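Visitor: Take a look at this one; I'll ask things after.
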Amino acid sequence: MGPNDVFTKEDFVKFLNTLRHDLTYNADSWENQTLEDFLEAMEAWLTDSESVTNTPSWNIFATSLLAGKAYE
C-alpha cells in the first residue's frame, strides 16, 4: 500500500502498518532510521513540496510519512 492508496482514516492506519513493517524488515533501505532524522526529513519535504496545500488530507499525511523514510 502506497500513499496514493490512502483516502480514509482506515486506509491511513493500513498505511502506517505497512510502513512500520517496512522499517522492521527493510531498515537498511531507510535513509532516516532515527526519529530525529525521520522528523527532520518530513519537515524538509513539507517545506520543499509545492504540491502540498493548507488543506490536509489522509493522502498528504501518508506521503509526508513516506518522505520521512528517505527525503534528504
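Visitor: I need the shape label for the chain. Rule: rounded when a/c is under 1.5, else prolate if a/b > b/c, else oblate, with a, b, c from the alpha carbon gyration tensor.
Guide: oblate
Visitor: Among residues other than G68 whose Cβ falls under 10 Å from its Cβ, what is the net charge (Lys/Arg +1, Asp/Glu -1)?
Guide: Residues close to G68 contribute a combined charge of -3.
Visitor: What chymotrypsin sites (Phe, Trp or Tyr not before Pro) does the chain have in DSSP loop regions with at most 14 other beta carbons within 10 Å?
Guide: Listed in order of number, the matching sites are F7.
Visitor: Give me the net charge for the shell around A41: Cβ to Cβ below 9 angstrom, other residues only, Lys and Arg +1, Asp and Glu -1.
Guide: -4
Visitor: So what J values fall out for the stretch 3-13 if you push phi through Karplus, 6.51 cos²θ - 1.76 cosθ + 1.60 with θ = phi - 60°, rounded to Hz, Gly and Pro as x?
Guide: Once θ is set to phi - 60°, the couplings for the stretch 3-13 become x, 6, 9, 9, 10, 10, 4, 5, 4, 5, 4 Hz.
Taken together, the values in this text are just the output of simple stated rules run on the coordinates, not laboratory data. Keep in mind it's a predicted model, so treat the numbers as computed, not measured. A quick note on method: Cβ atoms are made from the backbone with ideal geometry, for glycine too, and the neighbour counts reach across all protein chains shown.
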